[in-house]
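Report on the following structure.
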Amino acid sequence: MKKVSLVDLYFPENKINFQINEASTIPKELPIEVKDNSKWKLKEDPERMVRIYSLSKRKEFKYFIQDLLDLQDESEHHARITIQYPQIKVELWTHGIKQVTESDIQWAEKADKIFNGYK
């Protein structure tokens, strides 16, 4: 998809001719590294963070899933969540660029904090 520069829209006489691609606003520090002490693993194709949580008590299992869904709604950042009792697999990446970003890492930290409340 070709995007038009705002400069061209407001100052057409400048005739600046360049294209803005989808990744042009993304910080140069990407991809972001997952911390070594994290229980999250970095996977490829697409680049994503993956963690499997395990809760053996059904009530806690159910509440944790609800907490993850609430986190998605509150953050407006959605993970792929696969549920198979007693495990919950969470995969995080920024879908638009198919890479892990700071938003994903922050989401993972919040999910871990929620999970630690169930231990």
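The values are calculated or read from the model by the stated rules, or taken from the named source; none is laboratory data. Note that the structure is predicted; figures quoted are calculated from it, not measured. Methodologically, a virtual Cβ is constructed for each residue, glycine included, from the backbone with ideal geometry; neighbour enumeration extends over all protein chains shown.
Structure notes:
- Residue count for region 47-92 under the criterion of being under 13 Å from Asp112 (Cα atoms) and among the hydroxyl-bearing types (Ser, Thr, Tyr): the result is 2.
- Residues in region 77-92 that are within 21 Å of Lys62 (Cβ to Cβ) and either touching a His at 6+ places or on another chain (Cβ under 6 Å) or in a strand (DSSP E or B) (or both): Arg80, Ile81, Thr82, Ile83, Gln84, Gln87, Ile88, Lys89, Val90, Glu91.
- Residue within region 10-20 that is surrounded by 12 or more Cβ atoms within 10 Å (Cβ to Cβ) and either at pLDDT below 95 or assigned to a strand (DSSP E or B) (or both) present: yes
Per-residue answers, yes or no, for (1) surrounded by 13 or more Cβ atoms within 10 Å (Cβ to Cβ); (2) of a type in the set (Lys, Arg):
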{"residue": "Gln72", "(1), (2)": "yes, no"}
{"residue": "Ala79", "(1), (2)": "yes, no"}
{"residue": "Thr82", "(1), (2)": "no, no"}
{"residue": "Tyr85", "(1), (2)": "no, no"}
{"residue": "Lys89", "(1), (2)": "yes, yes"}
{"residue": "Lys113", "(1), (2)": "no, yes"}
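- Residues (in contact with a Ser or Thr (Cβ under 9 Å, 6 or more places away or on another chain), over 15 Å from Leu42 (Cα atoms) and not β-branched (Val, Ile, Thr)) located in region 86-102: Pro86, Gln87
- Among the residues of region 65-103, those that are farther than 14 Å from Lys39 by Cα and among the charged types (D, E, K, R) comprise Asp67, Asp70, Asp73, Glu74, Glu76, Arg80, Lys98, Glu102.
- Contact map, region 85-97: first residue free of Cβ contacts under 8 Å to residues at least 60 places away in the same chain, second residue among the hydroxyl-bearing types (Ser, Thr, Tyr) and assigned to a strand (DSSP E or B), Cβ cut-off under 6 Å, separation 6 or more or different chains; pairs are Pro86/Ser54; Gln87/Ser54; Ile88/Tyr53; Lys89/Thr82.
- Any hit, region 93-104, residues being hydrophobic (A, V, I, L, M, F, W, C), assigned to a loop (DSSP other than H, G, I, E, B) and out of contact with any strand residue (DSSP E or B) (no Cβ under 7 Å at 6 or more places or on another chain): yes
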